[in-house]
1. Determine the pairs where a residue that is of a type in the set (Phe, Trp, Tyr), located within the stretch 30-42, has a partner that is surrounded by 15 or more Cβ atoms within 10 Å (Cβ to Cβ) with Cβ atoms under 6 Å apart, the partner being 6 or more residues away or on another chain.
2. Quickly run through the stretch 203-225 and pick out the residues that are at pLDDT 90 or above and of a type in the set (A, V, I, L, M, F, W, C).
3. Report yes if some residue within the stretch 79-86 is at pLDDT 95 or above, not β-branched (Val, Ile, Thr) and not in a loop (DSSP other than H, G, I, E, B); otherwise report no.
4. Anything in the stretch 90-117 that is in a helix (DSSP H, G or I) and more than 27 Å from Gly15 (Cβ to Cβ)? List them, or say none.
5. Give the stretch 166-176 a look and list any residue that's of a type in the set (A, V, I, L, M, F, W, C) and either part of a loop (DSSP other than H, G, I, E, B) or not assigned by TED's automatic domain parsing to the domain that holds Pro273 (or both), or say none.
6. From the list Phe163, Phe127, Phe179, Phe159, exactly one residue is in a strand (DSSP E or B) and in contact (Cβ under 8 Å) with a residue 12 or more places away in the chain. Which is it?
7. Please work out if Gly102 is in contact with an Asp or Glu (Cβ under 6 Å, 6 or more places away or on another chain), free of Cβ contacts under 8 Å to residues at least 40 places away in the same chain and over 22 Å from Lys39 (Cα atoms).
Amino acid sequence: MRAAIFNPYLDTLGGGERYTLSFAHVLAESEFSTDLEWKEPEIKKILEERFGMDLSKINVIPDVKRGDGYDICFWVSDGSIPLLRARKNFLHFQVPFHGVNGRTLLNKMKLFRINKIVCNSRFTKGFIDKEYGVDSVVIYPPVATDKIRPMRKENIILFVGRFSRLKQSKGQDVLINAFKKLYDEGTKDWKLVLAGGMEIGVGDYLGKLKSDARGYPIEFIESPDFKTLKNLYGKAKIFWSASGFGEDEAKNPEKVEHFGISVVEAMAGGAVPIVYNAGGHKEIVQDGKNGFLWDTVEELLEKTRLLVNDNRGLSKNAVQASKSFSYENFSSEVKKIL
């Protein structure tokens, strides 16, 4: 049996790309000969290093022909509905597209060829179902919770997210300003670590961030590999996120976090999340039980001060909660729709 995989965003090396590769991995484990479409074959090594995944059973080829001649096709949508031609076709939305005229007659005709529409969160599903008039299924992204472990903890506040300002700003500037305030008021023995990809959409943003951080214990780690990230997650006591801060999630859902894989990864490492109260974050963090949600910067600082003095057992709760998003659970859900 043969399977075709298509994702137009592979070179961004983000959470959606990990999702795509994990779907491909499940197919390969299920004895499918699995082809991944990309023009440059060297992308495979880059993906393996970034995500710490074994892709030896996955072939990179220039064109999967929209699934023509394949038993299964998994296609990541850019907002459009493709005409897929495999025996079984799965269309994945990793972005809550809206206002794209999704219910056209042509789209409805193309949807007859789609066996299942898959979303990465209930947040995304809500917008996709309304926009396209469908009933999608939610399969949460797989997180390598079995590969990330708590380590000897250090006074580190961590954030992991791309250094870009494309559709979705990750809010590193907000975190820097918040940490400077925390430091100035007396929290001197902590540091902020910002790690993220540099592959696309950075421009002069990182330079500005570094300028704003000058004189404070703020460290930047550019395009870390998975080994580096595991180490950071294991050592950090707190994980911050301001992704989506200042945005109206009802009007601009694409600008908030659609799920939050790095949040779950941090939780697996025992870092307690304090994340902005929007989008997919609310499906991961139970406020006061396995982490905190915040709406204002002052609330972010208030909850951080609590954890600086006592993590209240939240670290163990975070580790336990992260297991709900394991690769094993993802694989089981994928096999159900196959």
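The values are calculated or read from the model by the stated rules, or taken from the named source; none is laboratory data. These figures come from a predicted structure and were not determined experimentally. No Cβ is skipped: glycine too gets one built from the backbone with ideal geometry, and neighbour counts run over all protein chains shown.
1. Phe32/Ala3; Trp38/Leu10; Trp38/Val60
2. Selection gives Leu209, Ala213, Ile218, Phe220, Ile221.
3. Initial filter on the stretch 79-86 (at pLDDT 95 or above): 79-86.
If we keep only those that are not β-branched (Val, Ile, Thr) as well, we get 79-80, 82-86.
Next, from what is left, pick out any that are not in a loop (DSSP other than H, G, I, E, B): none.
No, the conditions are met nowhere in the stretch 79-86.
4. If we filter the stretch 90-117 for residues that are in a helix (DSSP H, G or I), which is where we start, we get 105-111.
Those that are in a helix (DSSP H, G or I) and more than 27 Å from Gly15 (Cβ to Cβ): Leu105, Leu106, Lys108, Met109.
5. In the first step, residues of the stretch 166-176 are kept if they are of a type in the set (A, V, I, L, M, F, W, C); the result is 166, 174-176.
Correct list: Leu166 only.
6. Working: Phe163 fails: in a strand (DSSP E or B); Phe127 fails: in a strand (DSSP E or B); Phe179 fails: in a strand (DSSP E or B).
Phe159 is the lone residue from the list that is in a strand (DSSP E or B) and in contact (Cβ under 8 Å) with a residue 12 or more places away in the chain.
7. On the way: in contact with an Asp or Glu (Cβ under 6 Å, 6 or more places away or on another chain): yes; free of Cβ contacts under 8 Å to residues at least 40 places away in the same chain: yes; over 22 Å from Lys39 (Cα atoms): yes.
Yes.
Yes/no per residue for (1) among the aliphatic types (A, V, I, L, M); (2) buried (at least 19 other Cβ atoms within 10 Å of the Cβ); (3) assigned by TED's automatic domain parsing to the domain that holds Gly279; (4) more than 30 Å from Pro96 (Cα to Cα):
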| site | (1), (2), (3), (4) |
| --- | --- |
| Arg149 | no, no, no, yes |
| Val160 | yes, yes, yes, no |
| Tyr183 | no, no, yes, yes |
| Tyr205 | no, no, yes, no |
| Lys208 | no, no, yes, no |
